[in-house]
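Notes follow once the structure below has been shown.
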Amino acid sequence: MAPPDVDTPGSDEAFVASELQDAWHILSTEERVEGFRLLPRADAEELFFTLAARDQYDLVIGLPPGDRRSWLRLLPPDDAADVIQETPEDERAALMSLLDEQTRKEVTALLAYAEDDAGGLMNPRYVRVRPDMTVDEAISYLRKQARERIETLAYAYVADAQQKLLGVVSFRDLFAAQQGKLVRDVMKTDLVTVLDTDDQEAVSRVFAQHDFVALPVVDAEGRMKGVVTIDDIVDVVQEEATEDAQKFGGMEALDAPYLDVTILQMLKKRGGWLSALFLGEMLTATAMAYFEHELAKAIVLGLFIPLIISSGGNSGSQASTLIVRALAVGDVKLRDWWRVFRREVVVGTLLGMLLGCIGILRIMVWPHREVIYTVHYKMVALTIAASLVGVVLFGSLAGSMLPFILRKLRLDPASASAPFVATLVDVTGLIIYFTAASMILRGILL
């Protein structure tokens, strides 16, 4: 798809900008660059800031060498660091050389942090004032700061000569303060901060708990390092949700948009987990072979195998999804495992009884039940009901406890994905089913 021509000014230019943005995901890199260069500067800047870091990198690299510097320098340090992280190692030095000296130092410092740490998300540019400034001096200083590229002008952070964070003051409080007041007289000292080594998920939870547009980032000694803004966290939350959703599907999380992932990368991401799940399902065949004599004596038992194992897998998947999400948002902690266990015992038993009643009803009202389920259909119905209680209970417990185990082992709880739990419950479900059948139907059908 070739980008549209721009022949007329005004509304046509705006239309072209929106059309290019809508078609962005289906255009090749060459078409994106060509369409981008046709945009008016203001429209091009607006589009540039909405792009993901990977798209910004592809765009910058696709531009003529003379244009790369101006576009890369347009980015704040934290966004520039994201673009540099998308750059192959052998090309980073060339891109870093396009930055001015101050930004280059700031980006280098940001790259020293892990990508998913608060230090890797923060912008080192923020408004800082001294505690001994008067309110009028602080306001004059803020006017000067506003002309520079500051990430957010919602708050001013009060720090001493060693850059230790002492307090924070909003612009509203500064302008409302009486003349002659010092900054220390109007600043708030009950600070909410995040450490530069905090994980991005922990930072997102702090934002969720407080109605802030920015949070100060400090080191272990309390020195101010930068600010994380709400727009950065929105991207983080979307990224984390995407990764968890992909892991729930029984695969590794993709590192790029779906259409940007090569066929070989897709095979690697999906093939490993799919093979592991397939090997796990082989145990189901082994379990069925172990109970082949019971199946041979009572063929009717085979009719309910899909119903039994799917019910256990579904209950396990539900529990796993609920607990993984609760752990992610902080609703549940590791120490709460016993409370969750007791809760799932009750819920799993009640759900199993509910499905068991439905199973009994299914058999009792079915036409020609004596022919299909033998004359002992009542005992078969009891077997199905008992098995459903056991399987659903086990599925609920397995699905709820696996995320805790993985978190304890410092692994991602999202790895306790629905397919993994379902595979585990399939095998144990067969054992529970045939064990219940051998106990209830012994001397009757077995």
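The values are calculated or read from the model by the stated rules, or taken from the named source; none is laboratory data. These figures come from a predicted structure and were not determined experimentally. No Cβ is skipped: glycine too gets one built from the backbone with ideal geometry, and neighbour counts run over all protein chains shown. Side chains are part of the model used for accessible areas, which takes the heavy atoms of the whole protein and leaves out ligands, DNA and RNA. Shrake-Rupley method; radii C 1.70, N 1.55, O 1.52, S 1.80 Å.
Most tightly packed first, judged by the mean number of other beta-carbon atoms within 10 Å of their residues, the peptides 216-222, 53-59 read 53-59, 216-222.
A DSSP coil position with no more than 14 other Cβ atoms inside 10 Å describes the following trypsin sites (Lys or Arg not before Pro) in segment 93-150: Arg147, Arg149. Per residue, the average separation of C-alpha pairs within less than 8 Å and at least 6 apart gives segment 109-244 a relative contact order of 29 percent.
How large, in percent, is the carbon and sulfur part of the accessible surface of the chain at a probe radius of 1.4 Å?
Reported share for carbon and sulfur atoms: 58 percent.
The helix-based estimate of mean residue ellipticity at 222 nm for the chain, built from -39,500 (n - 2.57) per DSSP H run of four or more residues and divided by its residue count, is -20000 deg cm²/dmol to the nearest 500. Modelled this way, with points 7 Å down the Cα-to-C-beta line, the labels at Val234 and Gln265 are 2.6 nm from one another.
Sites listed here are trypsin sites (Lys or Arg not before Pro) in segment 396-436 whose DSSP assignment is loop and whose Cβ has at most 11 other Cβ atoms within 10 Å: Arg410.
The amide H of Arg128, built 1.01 Å from its N in the peptide plane, has Tyr157 as neighbours under 5 Å, considering only residues 5 or more places off or on other chains. The order of the peptides 279-291, 193-205, 33-45 by mean Cβ neighbours within 10 Å, most packed first, is 193-205, 33-45, 279-291. Pairs of lysines 8 or more apart, or on different chains, with alpha carbons under 30 Å: count those in the chain, would you? So the count works out to 22. Placing unit charges on the Cβ atoms of the charged side chains and taking the dipole of the chain about its Cα centre, the candidate lying farthest along the positive direction among Leu301, Thr134, Gly395 is Leu301. Note: relative contact order over the chain, using C-alpha pairs below 8 Å and six or more positions apart, is 12 percent.
Packing-based ranking of 172-181, 381-390 yields 381-390, 172-181, ordered from highest to lowest mean Cβ neighbour count within 10 Å.
When the charge dipole of the chain is built from unit charges on Cβ atoms (+1 for Lys and Arg, -1 for Asp and Glu) and taken about the Cα centre, the candidate among Val237, Ala289, Gln200 whose Cα reaches farthest toward its positive end is Ala289.
Compute the relative contact order of segment 11-112 as a whole-number percentage, counting only Cα pairs closer than 8 Å that sit 6 or more residues apart in sequence.
Working: 65 pairs, mean separation 23.0, N = 102.
Computed value for segment 11-112: 23 percent relative contact order.
In a reduced charge model with +1 at each Lys and Arg Cβ and -1 at each Asp and Glu Cβ, the chain shows a dipole moment near 2480 debye about its Cα centre.
Selection among Ser317, Ile360, Ala161 by position relative to the dipole of the chain gives Ile360 as farthest towards the positive end (Cβ unit charges, Cα centre).
Send over a whole-number figure in Å² for the accessible area per residue of the chain, probe 1.4 Å.
So the chain comes to 54 Å² accessible per residue, rounded to a whole number.
In a reduced charge model with +1 at each Lys and Arg Cβ and -1 at each Asp and Glu Cβ, segment 299-369 shows a dipole moment near 120 debye about its Cα centre.
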